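**Student:** Mind looking over this structure? Questions follow.
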Amino acid sequence: MQNKFSLEGKVIVITGGTGIIGNSFINGITEAGGAVGILGRNEKVANERAEKVIRNGGRAIPLIADVLDEKSLQEAKDKVLDQFGKIDGLVNAAGGNMPEAILQSDQDIFRLNMDGMKNAVDLNLWGTVIPTQVFGEAMAKNGEGKSSIVNISSMSSKRVITKVMGYSMAKAAIDCYTQWFAVELANRYGDKVRMNAIAPGFFLTEQNRTLLTNADGSYTERGHLVLKQTPFNRFGDTDELIGVVQWLLSDASEFVTGTVVNVDGGFFVNSGV
């Protein structure tokens, strides 16, 4: 019987491929048989990760590009098509918060760092929309099979998470974009190109480590509050996102579109009572 969860023969581009979550996606996609385009601004890391995949018998290509720079994305797309001949999937994993977009509790709410907020929205929202415009077009023209786009949402798009307003607004927009664009894709291409999103709970990454942990590794007050709200009573491991991304990219989810899948240890559904 055919294994519909397999990614054998599929070519997947991963933006944010030089990040922590991106690395888990690379490992998960290649383990399922897919070829990966590792897209990011860090050339050294992109090359190292591509070389590791190839050493282990997989197929990979480093793509040095900025998700907000359409010209560099077009060049990356051409590079993928030249090497693999097609694109079957896109994982929009580039994003994250930034210090200038954080509103501390002692700061004046009417003195927002507007540039910082705009930068957070640009990276997380337009850094998803623009790559989809570039790589999605190639996927729609792929005559060999069905394609899938996976965006990254967040718990902050569903619940009020203090301090991260710019990031939260961007991720709420990602939910709207995922649903809206999924319908428009279906209206034009039927079930040929799907779009869904993953909403991770709290995972310890370099971007949020200082908010959740102290220098000695103990949890901050915010870290303890997150764990109190999470029924599993722990932070997630980025490898725990692999199963969902494999499913959404594979033919096993071929009737799924416009959906946001929570991977959060129960954070979202927990009322705290």
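**Student:** I'd like the full set of residues that are part of a helix (DSSP H, G or I) and closer than 14 Å to GLU100 by Cα, limited to the range 111-130.
**Tutor:** Taking the range 111-130 and keeping what is part of a helix (DSSP H, G or I), we get 114-130.
Matches in the range 111-130: MET114, ASP115, GLY116, MET117, LYS118, ASN119, ALA120, VAL121, ASP122, LEU123.
**Student:** Then there is this: Does LEU81 satisfy the criteria of being part of a strand (DSSP E or B) and either modelled with pLDDT of 95 or more or crowded, with 21+ Cβ neighbours inside 10 Å (or both)?
**Tutor:** Working: part of a strand (DSSP E or B): no; either modelled with pLDDT of 95 or more or crowded, with 21+ Cβ neighbours inside 10 Å (or both): yes.
When the stated conditions are applied, LEU81 does not pass them.
**Student:** If you scan the range 159-207, which residues turn out to be under 26 Å from PHE110 (Cβ atoms) and not small (Gly, Ala, Ser)?
**Tutor:** Of the range 159-207, the ones under 26 Å from PHE110 (Cβ atoms) are 159-173.
ARG159, VAL160, ILE161, THR162, LYS163, VAL164, MET165, TYR167, MET169, LYS171, listed by residue number.
One line per residue, one yes/no per condition, for (1) of a type outside the set (Gly, Ala, Ser); (2) in contact with a helix residue (DSSP H, G or I) (Cβ under 8 Å, 6 or more places away or on another chain):
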| site | (1), (2) |
| --- | --- |
| ASP106 | yes, no |
| PRO131 | yes, yes |
| PHE135 | yes, yes |
| ALA140 | no, yes |
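**Student:** Please give the helices (runs of 4 or more DSSP H) falling wholly within the range 131-247 in which 1 or more residues are more than 30 Å from SER6 (Cβ to Cβ) and among the small types (Gly, Ala, Ser). Reasoning before the result, please.
**Tutor:** Details: elements: 165-189, 209-212, 221-229.
Hits in the range 131-247: 165-189, 221-229.
**Student:** ILE14 fails exactly one of the following numbered conditions: (1) in a loop (DSSP other than H, G, I, E, B); (2) buried (at least 18 other Cβ atoms within 10 Å of the Cβ). What is the number of that condition?
**Tutor:** Result: ILE14 passes all but (1).
**Student:** To continue, here is another question. For GLU70, work out the one condition from (1) surrounded by fewer than 20 Cβ atoms within 10 Å (Cβ to Cβ); (2) over 29 Å from GLY143 (Cβ atoms); (3) touching a residue at least 60 places away in the same chain (Cβ under 8 Å) it doesn't fulfil.
**Tutor:** It fails just one condition, (2).
**Student:** Give the range 193-210 a look and list any residue that's in contact (Cβ under 8 Å) with a residue 60 or more places away in the chain and not charged (D, E, K, R), or say none.
**Tutor:** Passing the criteria: MET195, ASN196, ALA197, ILE198, ALA199, PRO200, GLY201, PHE202, PHE203, THR205, GLN207, ASN208.
**Student:** While we're here: Can you find a residue that is assigned to a helix (DSSP H, G or I) and farther than 25 Å from ASP251 by Cβ anywhere in the range 26-44?
**Tutor:** Yes - at least one qualifying residue is present in the range 26-44.
Listed here are the residues, each with its yes/no results for (1) modelled with pLDDT of 95 or more; (2) out of contact with any strand residue (DSSP E or B) (no Cβ under 6 Å at 6 or more places or on another chain); (3) under 26 Å from GLY201 (Cα atoms).
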{"site": "ASN119", "(1), (2), (3)": "yes, yes, yes"}
{"site": "ASP122", "(1), (2), (3)": "yes, yes, yes"}
{"site": "LEU125", "(1), (2), (3)": "yes, yes, yes"}
{"site": "ASN142", "(1), (2), (3)": "no, yes, no"}
{"site": "GLY145", "(1), (2), (3)": "no, yes, no"}
{"site": "VAL150", "(1), (2), (3)": "yes, no, yes"}
{"site": "ARG159", "(1), (2), (3)": "no, yes, yes"}
{"site": "VAL164", "(1), (2), (3)": "no, yes, yes"}
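**Student:** For the range 86-102, which residues satisfy the criterion of being closer than 24 Å to ARG209 by Cα and out of contact with any Ser or Thr (no Cβ under 8 Å at 6 or more places or on another chain)? Spell out the reasoning first.
**Tutor:** Here is the first cut: in the range 86-102, the residues closer than 24 Å to ARG209 by Cα are 91-102.
Those that are closer than 24 Å to ARG209 by Cα and out of contact with any Ser or Thr (no Cβ under 8 Å at 6 or more places or on another chain): ASN97, MET98, PRO99, GLU100, ALA101, ILE102.
**Student:** Among (1) touching a residue at least 40 places away in the same chain (Cβ under 8 Å); (2) in contact with a strand residue (DSSP E or B) (Cβ under 8 Å, 6 or more places away or on another chain); (3) surrounded by fewer than 16 Cβ atoms within 10 Å (Cβ to Cβ), where does PRO131 come up short?
**Tutor:** Result: PRO131 passes all but (3).
The values are calculated or read from the model by the stated rules, or taken from the named source; none is laboratory data. For clarity, every value in this text was computed on a predicted model and none was experimentally measured. Please note: Cβ atoms are built from the backbone with ideal geometry, for glycine as well, and neighbour counts cover all protein chains shown.
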